[in-house]
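Q: Just dropping this structure here.
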Amino acid sequence: MAFTLEIGAKAPDFTLPATDGKTYRLNDFSDADVLVIFFTCNKQRKLVYTGRAVDSPRDASRISVNDLERALDEHLAGNPVSVPLTNPIGCTVKWEGKDSHWIPPDACDLV
């Protein structure tokens, strides 16, 4: 699994730029039932799902599983997320002050 928080971990405070040109912090969403931070080439604020959005992001005609939608539907219905971890697909998170291809040493892929 790519370097991330553990399932059940509380969200750390953050300051992130968004696609709307604004910058947001965790407490900007304190009234929201759910917060999804989606990184592309991003309740009690505990992580319930980490991984890909869909199983075929490059070819929409081949999508057979929408992992993010399933996780949100299950969580919002008050149920545990049946598949809380999937292998992320896409670009890695860039780490300030590190080489663009740097990944924490304890990061690995799901097999």
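Q: Yes or no: segment 73-82 includes at least one residue that is within 18 Å of A11 (Cβ to Cβ), at pLDDT below 75 and surrounded by fewer than 14 Cβ atoms within 10 Å (Cβ to Cβ).
A: Scanning segment 73-82 turns up no residue that is within 18 Å of A11 (Cβ to Cβ), at pLDDT below 75 and surrounded by fewer than 14 Cβ atoms within 10 Å (Cβ to Cβ).
Each row is one residue, and each column tells you yes or no for (1) under 21 Å from E96 (Cβ atoms); (2) open to solvent by 90 Å² or more (accessible area, probe 1.4 Å).
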| site | (1), (2) |
| --- | --- |
| E6 | no, yes |
| L16 | yes, no |
| T19 | yes, yes |
| V36 | no, no |
| D55 | no, no |
| A60 | no, no |
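Q: Within the set of pairs 6+ apart or on separate chains, which have a first residue in segment 7-30 that is at pLDDT below 85, a second that is part of a strand (DSSP E or B) and surrounded by 13 or more Cβ atoms within 10 Å (Cβ to Cβ), and C-beta atoms under 9 Å apart?
A: I7/T50; I7/L85; P17/Y24; A18/Y24
Q: Moving to a separate point now. So which pairs qualify, if the first residue must be in segment 51-64 and on the phi > 0 side of the Ramachandran plot, the second must be open to solvent by less than 70 Å² (accessible area, probe 1.4 Å) and among the polar types (S, T, N, Q), the Cβ gap must be under 6 Å, and the two must be at least 6 apart or on different chains?
A: G51/T86
The values are calculated or read from the model by the stated rules, or taken from the named source; none is laboratory data. Quantities reported herein were computed from a predicted structural model and do not represent experimental measurements. Counting neighbours? That spans all protein chains shown, and the Cβs are built from the backbone with ideal geometry, glycine included. Calculation scope for accessible area: heavy atoms of the full protein, side chains included, ligands and nucleic acids excluded. Shrake-Rupley method; radii C 1.70, N 1.55, O 1.52, S 1.80 Å.
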